[in-house]
1. Of the residues Ser84, Ser115, Ser54, which single one is loosely packed, with under 13 Cβ neighbours inside 10 Å and in contact (Cβ under 8 Å) with a residue 60 or more places away in the chain?
2. Is it fair to say Ala79 is modelled with pLDDT under 95, assigned to a strand (DSSP E or B) and of a type in the set (A, V, I, L, M, F, W, C)?
3. Starting from residues that are more than 29 Å from Gln13 (Cβ to Cβ) and charged (D, E, K, R), keep the ones in region 57-81 and report whichever is least open to solvent (accessible area, probe 1.4 Å).
4. Which members of region 19-51 meet the condition of being assigned to a loop (DSSP other than H, G, I, E, B), open to solvent by less than 60 Å² (accessible area, probe 1.4 Å) and either among the hydrophobic types (A, V, I, L, M, F, W, C) or within 14 Å of Ile69 (Cβ to Cβ) (or both)?
5. It is to be established whether one or more residues within region 89-102 are touching a strand residue (DSSP E or B) at 6+ places or on another chain (Cβ under 7 Å), part of a loop (DSSP other than H, G, I, E, B) and either open to solvent by less than 60 Å² (accessible area, probe 1.4 Å) or touching a residue at least 24 places away in the same chain (Cβ under 8 Å) (or both).
6. Could you tell me which numbered condition Val111 fails, if it satisfies all but one of (1) in a strand (DSSP E or B); (2) aliphatic (A, V, I, L, M); (3) modelled with pLDDT under 95?
Amino acid sequence: QVQLVESGGGLVQAGGSLRLSCAASGLIFSINAMGWYRQAPGKQRELVARITNSGSTNYVDSVKGRFTISRDNAKNTVALQMNSLKPEDTAVYYCNANSPVLSYWGQGTQVTVSS
């Protein structure tokens, strides 16, 4: 069974930085893309950032210029560098990995940004 293990969440003041990381382990057929989603209280889960095997990236508008996603394909890891954090970034962040036949999700890590 494929597992995604996230780390790096925590509490930070507005304007600070955090780096989230996610490592995939287990039997994996093929991963085409990895990314990060988040869900804040009272809001729908949204895609924060995604990166494909070829290195193409996508970001939700609200984090462009502040967050950077990176991936090590050989290690099946993905990281999210979050700078200039805002209180509205507070959410549970979930790692995601997509294969041609299945999607995998981490358990989530809490990010809290205080004013």
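The values are calculated or read from the model by the stated rules, or taken from the named source; none is laboratory data. In this text the structure is predicted, and so the values were computed from the model without any measurement. FYI the Cβ positions are ideal-geometry reconstructions off the backbone, even for glycines, and counts take in every protein chain you see. Accessible surface is based on the protein model in full, side chains and every heavy atom, while ligands, DNA and RNA are left aside. Shrake-Rupley method; radii C 1.70, N 1.55, O 1.52, S 1.80 Å.
1. Answer to the check: Ser115.
2. Taking the combined requirement at face value, the residue does not satisfy it.
3. Looking at residues that are more than 29 Å from Gln13 (Cβ to Cβ) and charged (D, E, K, R), I get Asp72.
4. Quick first cut of region 19-51, residues assigned to a loop (DSSP other than H, G, I, E, B) only: 26-32, 40-45.
Subset that is open to solvent by less than 60 Å² (accessible area, probe 1.4 Å): 26, 28, 30-31, 40.
Result: Ile28, Ile31, Ala40.
5. Restricting attention to region 89-102, the residues satisfying the condition of being touching a strand residue (DSSP E or B) at 6+ places or on another chain (Cβ under 7 Å) are 89-98.
In the following step, the residues that additionally are part of a loop (DSSP other than H, G, I, E, B) were identified as 90.
Now narrow it down to the ones that are either open to solvent by less than 60 Å² (accessible area, probe 1.4 Å) or touching a residue at least 24 places away in the same chain (Cβ under 8 Å) (or both): 90.
Checked against the condition, which is being touching a strand residue (DSSP E or B) at 6+ places or on another chain (Cβ under 7 Å), part of a loop (DSSP other than H, G, I, E, B) and either open to solvent by less than 60 Å² (accessible area, probe 1.4 Å) or touching a residue at least 24 places away in the same chain (Cβ under 8 Å) (or both), region 89-102 yields at least one hit.
6. Exception for Val111: condition (3).
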